[in-house]
There are 2 protein chains.
Amino acid sequence: MKPTVTLEYCPKCGWLMRSAWMAQELLTTFTDDVHGVLLHPSEFSGRFSVSVDGVKIFDRKEAGRFPDIKELKQLIRDIVNPEKSLGHSEKK
Amino acid sequence: MKPTVTLEYCPKCGWLMRSAWMAQELLTTFTDDVHGVLLHPSEFSGRFSVSVDGVKIFDRKEAGRFPDIKELKQLIRDIVNPEKSLGHSEKK
């Protein structure tokens, strides 16, 4: 089974839209590398975290910010397909 | 554990966007009723199906069409929270 990416978001904070956007970014980039992306409304206020197969790779409260989409793709790429190039977004 | 809704879509058919839209509709309506919505790129051409906890409730090939969003919400409501009113969308 390919990895599943979970985006846990605080619905009361209004973070569904950005989470759905991130899901579409990840599914466009990692179509063949992941089983899917799960959008999971959190029961915890202010929660925004990203996990791959249950292992947390980003937490908004720990980081003090939301992830940049490029950073998020790099974190996920390193787990689901380390050889994959993310193209011009990785060039300086 | 609350139910998980899976949207399996054919990425080569360009159905990510409509699937992501449906996911947002379902998460807006069923925020407290579901664990989440999984967007799952299919390995099968032309596949668009909806499952709740692994039980298929809609299949594009069987139906010969995509589901209407109102119809999809009714099918899911009947499983995840049968008492829930879907509001004015159910009035004639």
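The values are calculated or read from the model by the stated rules, or taken from the named source; none is laboratory data. Please read all numbers here as calculations on a predicted model, not as lab measurements. A quick note on method: Cβ atoms are made from the backbone with ideal geometry, for glycine too, and the neighbour counts reach across all protein chains shown.
Residue by residue through the stretch A:78-92, note down the ones that are over 14 Å from the mean Cα position of the chain (by Cα) and part of a helix (DSSP H, G or I). A:GLY87, A:HIS88, A:SER89, A:GLU90 - these are the residues of the stretch A:78-92 that are over 14 Å from the mean Cα position of the chain (by Cα) and part of a helix (DSSP H, G or I).
In the set A:VAL50, A:VAL55, only one residue is modelled with pLDDT of 95 or more, surrounded by fewer than 19 Cβ atoms within 10 Å (Cβ to Cβ) and away from chain B (no Cβ under 11 Å); that residue is A:VAL55.
Every condition in (1) part of a loop (DSSP other than H, G, I, E, B); (2) surrounded by fewer than 21 Cβ atoms within 10 Å (Cβ to Cβ) holds for A:VAL34 except the one numbered (2).
For (1) surrounded by fewer than 13 Cβ atoms within 10 Å (Cβ to Cβ); (2) part of a loop (DSSP other than H, G, I, E, B), each residue gets a yes or a no:
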position: B:GLU8; (1), (2): no, no
position: B:MET17; (1), (2): yes, no
position: B:TRP21; (1), (2): no, no
position: B:LEU26; (1), (2): no, no
position: B:LEU39; (1), (2): no, no
position: B:GLU43; (1), (2): yes, yes
position: B:GLY46; (1), (2): yes, yes
position: B:LEU72; (1), (2): no, no
position: B:ILE76; (1), (2): no, no
